[in-house]
Amino acid sequence: MRPQRRPRFQELDAMGLPEERGRSGSESRGQEEAGAGGRARSWSPPPEVSRSAHVPSLQRYRELHRRSVEEPREFWGDIAKEFYWKTLCPGPFLQYNFDVTKGKIFIEWMKGAITNICYNVLDRNVHEKKLGDKVAFYWEGNEPGETTQITYHELLVQVCQFSNVLRKQGIQKGDRVAIYMPMIPELVVAMLACARIGALHSIVISWNQGIDLWWHELMQEAGDECEPEWCDAEDPLFILYTSGSTGKPKGVVHTVGGYMLYVATTFKYVFDFHAADVFWCTADIGWITGHSYVTYGPLANGATSVLFEGIPTYPDVSRLWSIVDKYKVTKFYTAPTAIRLLMKFGDEPVTKHSRASLQVLGTVGEPINPEAWLWYHRVVGAQRCPIVDTFWQTETGGHMLTPLPGATPMKPGSATFPFFGVAPAILNESGEELEGEAEGYLVFKQPWPGIMRTVYGNHERFETTYFKKFPGYYVTGDGCRRDQDGYYWITGRIDDMLNVSGHLLSTAEVESALVEHEAVAEAAVVGHPHPVKGECLYCFVTLCDGHNFSPKLTEELKKQIREKIGPIATPDYIQNAPGLPKTRSGKIMRRVLRKIAQNDHDLGDTSTVADPSVISHLFSHRCLTIQ
Ligand code: WT7
């Protein structure tokens, strides 16, 4: 049962967009399309982007998508031909079991094919594609002016040297190497060197005295040629621990061949990559976004990227846009949390830089509230850049639901449609697939090449976490709504859903309503035990600079939620939160917030909280009575 309410985002049509039109003049012409019958508005891809795009229309996307899910072996087989294989796949291109009732879960793409991912992203680009002198990374340090760059040829030499260092340390194929380094080119070198010698890399956050060794001491005498270790497509490439926003971290294992195809292909199409691009993904390399879209995806395509060591607010809040201008960045990829942070400081820090080079903007990590989407689009992208809201997970290796810049009409807050090879479905609690307009569990019906293969050291946990609840499907753990146009809207983690008097509410919709208030920069909502309703809403709000927390404001916020969602969603508690507990990748840890609301100090694993001091502050300022 759901509360009756107006379709979401209609209010944005009334409030946000006419103003946008007024402000932007002719720039937005042809982009904005009113949906019929009061549907949420969509924004067409700008014609100048479509004209040169790999996928220039929605119809073309649909044709390619249909082929990719109906004939996955042929579709990915064609893509595999662009890579170097020492031995081609000798047997079936894809074999899998997604159904726990039929036996062990397994996924094998191109098993028996022999390759090396480092060879593909470096040697192939230098020798075959003659990209040796092309810049692979412009590195920008935390201090402005602290910069360096590295070409594909130089990267290859350093990777060979470090591969030799690792081999000299006795590291062999299948060994696991923990890497502890800041966002510097040497981190990319270290990852690729592991991949070159067939060792698994695992990027960690703490230094291990006595075991760990210093880079410069080892590199001095290393030779600059190194034969790659030839690996099976299904050999493990790396282990990455998930951010732990919902529980104990899991070691997600990705393999060489499928991951290579998937990150290369998603990078090419989702950012509509062309040779002259300068790509910038702001994510830390230690997270999957960095693995896939700082290291492997861009390098597999021979792209030039920016690698940034610093933070968006140093030395001031216009740092990102000054870097965009400095390197003439064309495609920019960041997280909603960064957008909301910068939004607080207004338009001027952005608009004082030209940003004329920008063509496509991307976001990842959590649902982007329409308010932040519209600001990103209007201010950062000056109304001319499509926004790719990419939904995916550490487990999926690469993008799953996403617009394509030249093809997909966008709706603010929707990750739109599935990428090639991706077959989503929405299930109800009994596991039935829902057709048309619907809301429920987001699952995937068939494997794509980048799917994780196991949880490191615990295959049973892999099966239990992702395949047990609904046999035959990969379960994302996210809630999702499909609208009347077939667009997918992520509503947040199922575990975080709110159940008020039997009405299910998503965190994303309540938080979005709060953030639409001019005083609120960021919001997090959790369920809290209530004797009558079962659960009530406990909200944490971070205010914009210049706004004060007051009883008047809490009344306004309650009213706002009542009007936008319905009386059922009226919060019982609203707490002022100068900071929220987040993972290092910027994800709000609602699990921790639920405990804070209940004054339960048994927080479980908090090793991934970026700034633990915010937790004690929130505990000591809890709301004690219903407001
Ligand atoms: C979870 C995965 C994907 C790399 C970074 C995070 C949420 C991610 C979106 C989006 C709505 C999103 C989901 C997902 N999420 N992107 N565009 N819209 N939600 O990786 O730490 O493995 O987290 O992040 O809840 O399951 P992760």
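A short reminder: the numbers here are calculations on the coordinates, not readings from a lab. Note that the coordinates shown come from a computational prediction; the quantities given were computed from them, not determined experimentally. Don't worry about glycine lacking a Cβ; one is built from the backbone with ideal geometry, like all the others, and counts go over all protein chains shown.
HN-Hα J couplings of segment 152-161 from phi, Karplus 6.51/-1.76/1.60, θ = phi - 60°, integer Hz, Gly and Pro as x?
With coefficients 6.51, -1.76 and 1.60, one gets 4, 5, 4, 5, 4, 4, 5, 5, 4, 4 Hz.
Once phi is turned into θ = phi - 60°, what whole-Hz ³J(HN,Hα) does the Karplus curve with 6.51, -1.76 and 1.60 give for every residue of segment 608-619, x standing for Gly and Pro?
9, 6, 5, 9, x, 5, 5, 5, 5, 4, 5, 4
Taking amide H positions as placed 1.01 Å from N in the peptide plane, with prolines and chain starts having none, which residues 5 or more places from Ala136, or on another chain, fall under 5 Å of its amide H?
Result for Ala136 returns Ile150, Thr151, Tyr152.
Tell me which of Tyr376, Gln393, Gly431 sits at the most positive position along the dipole axis of segment 339-437, charges placed on C-beta atoms (Lys, Arg +1; Asp, Glu -1).
The listed residue farthest towards the positive side: Tyr376.
Once phi is turned into θ = phi - 60°, what whole-Hz ³J(HN,Hα) does the Karplus curve with 6.51, -1.76 and 1.60 give for every residue of segment 191-205, x standing for Gly and Pro?
4, 5, 5, 4, 4, 5, 9, x, 8, 8, 9, 9, 8, 10, 10
About the Cα centre of the chain, what is the dipole size in debye to 20, counting +1 per Lys and Arg Cβ and -1 per Asp and Glu Cβ, all else neutral? Working shown, then result.
Values: 65 positive and 75 negative charges, 180 e Å.
About 860 debye.
If packing is taken as the average number of other Cβ atoms within 10 Å across a peptide's residues, how do 94-100, 168-174 rank, most packed first?
Values: 94-100: 16.0, 168-174: 12.1.
Result, highest mean first: 94-100, 168-174.
What residues have an amide H closer than 5 Å to that of Val252, excluding those fewer than 5 places away on the same chain, when H is modeled at 1.01 Å from N in the peptide plane?
Correct list: Leu240, Tyr241, Thr242, Tyr456.
May I ask what percent, to the nearest 5, of DSSP beta bridges between residues of segment 228-330 are antiparallel? Kindly include the intermediate steps, with their values, before the conclusion.
Numbers: 5 of 8 bridges.
The antiparallel proportion sits near 60 percent.
Any idea what % of Cα-Cα pairs in the chain are farther than 37 Å?
Values: 65857 of 196251 pairs.
In whole percent, the long-distance tail amounts to 34.
Would you mind checking which residues have amide H under 5 Å from Gly112's amide H? H placed 1.01 Å from N; only 5 or more apart, or other chain.
The answer is Ala233, Glu234.
Just for the chain, what percent of DSSP beta bridges are antiparallel, to the closest 5?
The answer is about 70 percent antiparallel.
Between the DSSP loop rule and a limit of at most 14 other Cβ atoms within 10 Å, which trypsin sites (Lys or Arg not before Pro) in segment 518-570 are left? Please list the in-between numbers first.
Details: sites: Lys533, Lys552, Lys558, Lys559, Arg562, Lys564; in loops: Lys533.
For trypsin sites (Lys or Arg not before Pro) across segment 518-570 that sit outside H, G, I, E and B with at most 14 neighbouring Cβ atoms in 10 Å, the list is empty.
Filter the cross-link list Lys104/Lys445; Lys469/Lys564; Lys248/Lys469; Lys411/Lys558; Lys328/Lys582 down to pairs whose alpha-carbon distance in this structure exceeds 22 Å. Don't skip to the end; give the middle numbers.
Values: Lys104/Lys445 17 Å; Lys469/Lys564 33 Å; Lys248/Lys469 19 Å; Lys411/Lys558 26 Å; Lys328/Lys582 31 Å.
Long pairs (Cα-Cα over 22 Å): Lys469/Lys564; Lys411/Lys558; Lys328/Lys582.
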